[in-house]
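The values are calculated or read from the model by the stated rules, or taken from the named source; none is laboratory data. Bear in mind that the values here come from a model prediction, so they are computed numbers and not experimental data. Because the Cβ atoms are built from the backbone with ideal geometry, glycine has one as well, and the counts that use them run over all protein chains shown. Surface accessibility is based on the protein's heavy atoms, side chains included, excluding ligands, DNA and RNA. Shrake-Rupley method; radii C 1.70, N 1.55, O 1.52, S 1.80 Å.
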Amino acid sequence: MSEAVAGDVGKAARTSDGSPGAGYLPYVAGKLGGAVVSLLAVLVTAFFLFRLIPGDPVKTMTGGRQVSAEQLARYREEFGLDLPVWRQFTDYCGKALTGDLGTSYQFRAPVVDKITEALPNTLLLTGTAFVLYTVLGVALGTRSAWRHGGLGDRFHTGLALLLYSVPSFWLGLLLIIVFAVGAGPIPGLFPTGGMETGGEEGFAYVLDVAHHLVLPVVTLVAVEYGQTLLVTRSALLDEMGSDYLTTARAKGLRDAVVRRRHAVPNALLPTVTLVFVNLGRTVAGVILVETVFSWPGLGGLFYQALSVPDLPLVQGLFLFFASAVIVMNTLADLVYPLLDPRVAAR
């Protein structure tokens, strides 16, 4: 692309003072419209998908006790399961659009309250892991790309690919066996699960939660950092052959300055998108890891609801998870043109 064409493309999304131009508004409208359509599709999917799960929620809630047909009918009427499917669907959509996700069958509490109760625990776990694997992935990806072909690059790339392909639940179980239960000369150093021992207060409570946090966070970081590393490495390798880096070196800039001030900022555009996507997954929680470590978050709550099945809770959590990912993907789409104005002009 010539400089004249590149300049015209940039002006379509950014004015002379650096603020978003007229081309940005149609771009935003299109992305927001797509997000709304996706949310409506998720709303419909959440209702019909989980009704394919075998089992009777009412019979499951009775715990195998002998219950008369009249009592079962009364339970179904209480939860609205005696209504035709189309009526259940319209009631569900109407309430969901007003923020009412229904009442949990097994907890007899509003679904919104159960989500609000478990969300901080999930954010503590996945948020801590998110910060660690993002920083680790970007740092190692940058180093590997800048010294590509070397021993360090081959080691980090190979390890990232290996860990990224490992199932998180399998790695979690392995860490529990080795570092919680103890294997051979290695004693059990960490709890096997849960979020706290109980009975601790103040700073001792903080240390207790941190102690329980170690193994699940290590599991998430080990499995997730590889994706950030590989994306950062690939993007930086694409930038390293650019003419502007050759010009910067010709001006006498040190290699570290060229990398830090010129190459890395331009190469981080794909990584920024990945960060927003991972943020959505952070809010959504990690079902398998939370289940393996008995972490009282949204993932563990989803597993409990799925085993009943607790339809309102499952639907509400699914809708919450999907909405978080859609919102973060949309934010990534909206931020990207601000970093690279050519995107909005395409």
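Annotations
- In region 214-264, the residues that are at pLDDT 75 or above and polar (S, T, N, Q): Thr219, Gln227, Thr228, Thr232, Ser234, Thr247
- Val206 within 17 Å of Leu125 (Cα to Cα) and free of Cβ contacts under 8 Å to residues at least 12 places away in the same chain: yes
- Within region 248-273, residues that are touching a residue at least 60 places away in the same chain (Cβ under 8 Å) have Cβ atoms under 6 Å from residues that are open to solvent by less than 60 Å² (accessible area, probe 1.4 Å) and aromatic (Phe, Trp, Tyr) in these pairs: Arg259/Trp146, counting only partners at least 6 apart in sequence or on another chain.
- The residue that is nearest to Glu290 (Cα to Cα), counting only those in region 184-228 that are in contact with a helix residue (DSSP H, G or I) (Cβ under 9 Å, 6 or more places away or on another chain) and among the aromatic types (Phe, Trp, Tyr), is Phe190.
- Summed over region 63-111, residues that are charged (D, E, K, R) and exposed (fewer than 10 other Cβ atoms within 10 Å of the Cβ) total 3.
- No other residue among Pro191, Pro185 is open to solvent by 50 Å² or more (accessible area, probe 1.4 Å), over 18 Å from the mean Cα position of the chain (by Cα) and not charged (D, E, K, R) apart from Pro185.
Every residue, every condition in (1) of a type outside the set (Val, Ile, Thr); (2) closer than 23 Å to Val181 by Cα, yes or no:
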site: Thr247; (1), (2): no, no
site: Leu253; (1), (2): yes, no
site: Ala256; (1), (2): yes, no
site: Thr271; (1), (2): no, no
site: Phe293; (1), (2): yes, yes
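- When every residue of region 199-209 is checked against the conditions, none turns out to be within 30 Å of His156 (Cβ to Cβ), open to solvent by 40 Å² or more (accessible area, probe 1.4 Å), out of contact with any His (no Cβ under 9 Å at 6 or more places or on another chain) and not in a loop (DSSP other than H, G, I, E, B).
- Some residue of region 155-173 being among the aromatic types (Phe, Trp, Tyr) and open to solvent by less than 70 Å² (accessible area, probe 1.4 Å): no
- Residues of region 133-145 that are open to solvent by less than 30 Å² (accessible area, probe 1.4 Å) and among the hydrophobic types (A, V, I, L, M, F, W, C): Ala145 alone.
- Residues of region 262-303 satisfying the condition of being in contact with a helix residue (DSSP H, G or I) (Cβ under 8 Å, 6 or more places away or on another chain), open to solvent by 60 Å² or more (accessible area, probe 1.4 Å) and assigned to a helix (DSSP H, G or I): His262, Asn266, Arg281, Leu288, Tyr303
- Scoring His148 on the criteria (1) at pLDDT below 85; (2) out of contact with any Asp or Glu (no Cβ under 8 Å at 6 or more places or on another chain); (3) more than 30 Å from Val221 (Cβ to Cβ) leaves a single failure, condition (3).
- Restricting the search to helices (runs of 4 or more DSSP H) fully inside region 58-149 and requiring at least 1 residues that are within 23 Å of the chain's Cα centre (by Cα) gives 85-96, 111-146.
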